[in-house]
Amino acid sequence: MKKALIKRLKGELINQGNLQDPVTGQATLVVSISDKRHRAGVTFVRAESFKKAWIRIEHQLNQIAFPSWVRVETIHSIQQISREKFAIALAKITRANFWRRGVSFDEDFQTALLEMEINGHEFFESDQAYKVGKTTAKATVNYAAITEYLTKRDGNVSMDIQAGDSVWVFATSGVFTDGNRVWRLEDNDPQLLGVRQLADPKQELADYVGLGETYLKKQIKDDGQFVYGYFPSIKRVLSNYNSVRHFSSIYALLEAITFTKRPADLKQARHALQWGLDHLTLVKDEALFVVEQPKEGEAELKLGAQAMLILALCKYQEVTHEKRYEKQAMQAFRGIEAFRQPDGRFNHVLRSDLSVKNAFRIIYYEGEIAFAMSRLYALTHDDQVKIRIQETLDFMVAHDYGKNHDHWIAYAINEALGIFGNNRDYMIMGLKNAFEDLENIEHKVMPYPTRLELLTAAVKMTDTIRATGNGDLLEPYDVATLRSVWQYRAEYELLSGSFFPEVAMYFYHPAKLVGGFYARNDHFRTRIDDCEHFLSGLINYYDYKY
């Protein structure tokens, strides 16, 4: 590593403080180094002073002869706690992988682990009955796996890490470099610990969207199907599939290609779109349907999949100006009729013979189909499509769909206001849809990209309401707070859900993960629909704000 870069890393660390333990005077530094192909190697250095510890760190950094990712951290806020209290604290964790402190099983830090070593290997295991979003994690320590890891990391483990009455937990402050730039790592916000502090939010958001587009494109296999996703902490490829997410991911990829201005990538998007048409659809009575074939049970035709197919086909035409899929888009629109009930309500799931399987499946389907039809109308100006949009939105108004706080409804209303003008009923529903859940959105611990999509659509809508002379409808609401939460959540989503290198470096084959987006509480799962929602949310935010 270049001497100037090493000097800068040292200077950034010194500027952060927390260099030595005020009680003992000792300094404990940690360096993590990844060649981008393998999980980071981690070394703890403990010395009588920061100066002496840094000499050893500098020696290690001088040995790096290849482009690497490097984190250097200082340890502080050390606290000794009993094994009993440690076990109780773990058992109280509600979400998997939400332990956010380093841990040492001895006082001299010979068996210490960084937080990301712990979470990157899932050393604190969730209860077998744990179900994401439904039950608490009730984590316990896998001492055997930790001992095996420490033996590989350090060459030997001189003690039984399960023995002893205490463990030592600690916090860190640090810096990260990708070999060119240097970022300070967050050490204050409990949900963003160890992730870069944004120095230039606009540019860094745009840069990561570019990485996200590349990542999603690379998930398209030679045959046009996506790799559905990964559990990177346990090195598992997800084997199931979902037709809704296939087409919605193509839609997001096309949005990203427009953003990054990489028309060469349209070939892969078209390949995936054609694979979906060839393998995930059927034609019945001149109508085109998306068909889902579960591993077990009967095939399903889902209203949401119908919407995503239309959106993907329309987005492809919008981006390429080709009309090769216009016929299929109108065939898919005709298929919507099979889902409609006489009163304007939609059945959500049909069997392949078009009989009703589920009248209701999930709240998102009406908003999705209204949005999809609005996008179709923008391309075709077909009067029948316009009639169906209005009927759908009128039904949603009559049945108070604004209480659902659904990003698809927000999208649909924004499009509809461009078609139907000053429809105050749609505006009122859209405002309720966004503002009544605003406080909840602001304080979400987990990244929630669909809510960023809702916020962006809501901000656009408030501007449209003002521009059309309907500003009186905004009087009950705090528009400034909406915009404040909008910006906060955009940057929070980026930092809490993106596989930046400083996070990816602790996982299997880290370079392949960069550009992806993860669900921390589900084995750091990265799935195509995770990428889809994050990309759409961030792109729409960037385009409207900047």
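Taking ARG83 as the residue in question, decide whether it is within 29 Å of the chain's Cα centre (by Cα) and surrounded by fewer than 19 Cβ atoms within 10 Å (Cβ to Cβ).
Spelling it out, it is not the case that ARG83 is within 29 Å of the chain's Cα centre (by Cα) and surrounded by fewer than 19 Cβ atoms within 10 Å (Cβ to Cβ).
Could you say whether any residue in region 56-76 is surrounded by fewer than 16 Cβ atoms within 10 Å (Cβ to Cβ), in contact (Cβ under 8 Å) with a residue 40 or more places away in the chain and not small (Gly, Ala, Ser)?
Within region 56-76 (the criterion being surrounded by fewer than 16 Cβ atoms within 10 Å (Cβ to Cβ), in contact (Cβ under 8 Å) with a residue 40 or more places away in the chain and not small (Gly, Ala, Ser)), the answer is yes, since at least one residue qualifies.
Going by what's in this entry, would GLY174 be described as over 22 Å from the mean Cα position of the chain (by Cα), surrounded by 22 or more Cβ atoms within 10 Å (Cβ to Cβ) and at pLDDT 95 or above?
yes
Here are some residues: THR450, THR456. Which one is buried (at least 24 other Cβ atoms within 10 Å of the Cβ) and assigned to a helix (DSSP H, G or I)?
THR456
All but one of (1) under 28 Å from GLU186 (Cβ atoms); (2) touching a Gly at 6+ places or on another chain (Cβ under 6 Å) hold for MET461; which doesn't?
(1) is the only condition that MET461 fails.
Just to be sure I understand, how many residues within region 308-356 are in contact (Cβ under 8 Å) with a residue 12 or more places away in the chain, under 23 Å from THR380 (Cα atoms) and in a loop (DSSP other than H, G, I, E, B)?
Total meeting the criteria: 2.
Going through region 1-38 one residue at a time, which ones are of a type in the set (S, T, N, Q) and exposed (fewer than 15 other Cβ atoms within 10 Å of the Cβ)?
ASN15, THR24
In region 192-218, how many are part of a loop (DSSP other than H, G, I, E, B) and touching a Leu at 6+ places or on another chain (Cβ under 9 Å)?
Residues meeting the conditions: 6.
If the Cβ limit is 6 Å and pairs must be 6+ apart or interchain, which residue in region 141-160 that is part of a helix (DSSP H, G or I) pairs with which residue that is of a type outside the set (S, T, N, Q) and surrounded by fewer than 14 Cβ atoms within 10 Å (Cβ to Cβ)?
none
Would you point out the residue of region 462-512, among those that are assigned to a helix (DSSP H, G or I) and touching a strand residue (DSSP E or B) at 6+ places or on another chain (Cβ under 7 Å), that is nearest to TYR544 (Cα to Cα)?
Restricting to residues being assigned to a helix (DSSP H, G or I) and touching a strand residue (DSSP E or B) at 6+ places or on another chain (Cβ under 7 Å), the top hit is GLY497.
Out of (1) closer than 24 Å to LEU211 by Cα; (2) at pLDDT below 95; (3) basic (Lys, Arg), the odd one out for ARG324 is which?
Every condition holds for ARG324 apart from (1).
Helices (runs of 4 or more DSSP H) wholly in region 1-116 with at least 1 residues that are modelled with pLDDT of 95 or more and farther than 16 Å from VAL169 by Cβ - which ones?
3-16, 50-62
For residues that are of a type in the set (Phe, Trp, Tyr) and either under 24 Å from GLU436 (Cα atoms) or within 16 Å of the chain's Cα centre (by Cα) (or both), tally how many sit in region 474-512.
The total comes to 6.
Any residue at all in region 234-243 that is charged (D, E, K, R), assigned to a loop (DSSP other than H, G, I, E, B) and in contact (Cβ under 8 Å) with a residue 60 or more places away in the chain?
Checked region 234-243: at least one residue is charged (D, E, K, R), assigned to a loop (DSSP other than H, G, I, E, B) and in contact (Cβ under 8 Å) with a residue 60 or more places away in the chain.
Hey, could you check region 361-408 for residues that are closer than 13 Å to ARG345 by Cβ and aromatic (Phe, Trp, Tyr) and say which is surrounded by the fewest Cβ atoms within 10 Å (Cβ to Cβ)?
Among them, the one singled out is PHE395.
May I ask you to list the residues in region 97-123 that are surrounded by fewer than 22 Cβ atoms within 10 Å (Cβ to Cβ) and on the phi > 0 side of the Ramachandran plot?
Within region 97-123, PHE109, GLU122 qualify.
Kindly provide the set of residues from region 293-307 that are charged (D, E, K, R) and either buried (at least 20 other Cβ atoms within 10 Å of the Cβ) or in a helix (DSSP H, G or I) (or both), ordered by number.
Residues satisfying the conditions are GLU300, LYS302.
Has region 214-233 got at least one residue that is in contact with a strand residue (DSSP E or B) (Cβ under 6 Å, 6 or more places away or on another chain), farther than 17 Å from GLY516 by Cβ and buried (at least 22 other Cβ atoms within 10 Å of the Cβ)?
no
Among the listed residues GLY537, GLY515, GLY471, which satisfies the condition of being within 30 Å of LYS432 (Cβ to Cβ), crowded, with 24+ Cβ neighbours inside 10 Å and touching a helix residue (DSSP H, G or I) at 6+ places or on another chain (Cβ under 8 Å)?
On inspection, the qualifying residue turns out to be GLY537.
The values are calculated or read from the model by the stated rules, or taken from the named source; none is laboratory data. Here the structure is a predicted model, which is why all the values come from computation and not from measurement. Heads up, the Cβs are rebuilt from the backbone with ideal geometry, glycines too, and the neighbour counts pull from every protein chain shown.
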